[in-house]
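Data first, discussion second: the structure below is written as structure tokens.
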């Protein structure tokens, strides 16, 4: 029996070794491998960079793993990733197989790992990137990545390539990232402030990152960077009792990024009436709940907080003392009844809902409700 077990174990080990060798061979056949990491903006940067490389004549595939995971094909079309269960970083192996089969010259892949050890595995075993990107270091995922921003920066540094190039827009932790890059024989390149296209603060940062990567690769795009259609953020829904606006910042995920996004959109469109924080809570993101509650207590700026998502009673306790009323509309779902209840609490007239916290589940549902019933603000 022991001999049989030993033989079976040996066969499994041999199979894994063969698979690892095949994956390494496929990676070598793709000259440019870009691993996009950071707290905010990974999906946008991945999309924009894949589009820019295509426009520069580089046959490219991309993979985004945000709220709606997709593969970006060499012609720019996108295919949804169908998962049978939770997301696993082994997806990257399958993606590399697809990319190599299509004979691409470059891949741009959004990092899908959070835990520091998994981030290391994602880089060293699955990507072995030639170029790494760390967009920024913001307060998020403390329950997985560490108890402080310094620990988050250290976790993100696990995807710095070996003997490659790291591009980052991060300022506060630049020196620590530079030290980690030097340990791996990589060169770090800061993103120059103001480089790239305009737009809101997050979009300008994303454009600057893309421009820096293109410059490092010695590429240029005739006519400038082609910007894919950005996620529609602001929706208007005219109602008899008053016009409602939804600013979809659900995917910003941390208070700093949320406020930057709100400020950028307000400067372009204006946000009428009182602002209501529409907070979507996820039970597996308790630290995020605490950070948003602390931010609203300290900075204010909202007339009330409307709670959606999971464990709304817990969220209600966390938001005590924010300076406005707390409305629990979670049981009403993303429906006209829920919007009507909020409108009644506002007392009529125009108002702006700022969706924040988490995109999955109710966040996406509220965005779809406004997309179906309202109209985009351009």
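The values are calculated or read from the model by the stated rules, or taken from the named source; none is laboratory data. All values reported here derive from a predicted model rather than from experimental measurement. Ideal geometry is used to build each Cβ from the backbone, glycine not excepted, and the neighbour counts take in all protein chains shown.
General observations
- Candidates 315, 299, 294, 367, filtered to the one that is over 19 Å from residue 236 (Cβ atoms) and surrounded by 21 or more Cβ atoms within 10 Å (Cβ to Cβ): 315
- Among the candidates 276, 308, the residue that is closer than 24 Å to residue 69 by Cβ, assigned to a strand (DSSP E or B) and in contact with a strand residue (DSSP E or B) (Cβ under 8 Å, 6 or more places away or on another chain) is uniquely 308.
Yes or no, residue by residue, for (1) surrounded by 15 or more Cβ atoms within 10 Å (Cβ to Cβ); (2) part of a helix (DSSP H, G or I); (3) modelled with pLDDT of 90 or more; (4) in the same structural domain as residue 171 (by TED's automatic domain parsing):
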| site | (1), (2), (3), (4) |
| --- | --- |
| 79 | no, no, yes, yes |
| 89 | yes, no, no, yes |
| 93 | yes, yes, yes, yes |
| 99 | yes, yes, yes, yes |
| 123 | yes, yes, yes, yes |
| 153 | yes, yes, yes, yes |
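- Among the residues of region 315-351, those identified as assigned to a strand (DSSP E or B) and either touching a residue at least 60 places away in the same chain (Cβ under 8 Å) or more than 22 Å from residue 361 (Cα to Cα) (or both) are 325, 351.
- Test: residue in region 20-35 that is surrounded by fewer than 16 Cβ atoms within 10 Å (Cβ to Cβ) and modelled with pLDDT under 80: yes
- Consider region 61-77 and keep the residues that are at pLDDT below 95 and under 17 Å from the mean Cα position of the chain (by Cα). The one that is surrounded by the most Cβ atoms within 10 Å (Cβ to Cβ) is 64.
- The set of residues in region 352-378 that are within 24 Å of residue 319 (Cα to Cα), in a helix (DSSP H, G or I) and in contact with a strand residue (DSSP E or B) (Cβ under 8 Å, 6 or more places away or on another chain) comprises 362, 363, 366, 367.
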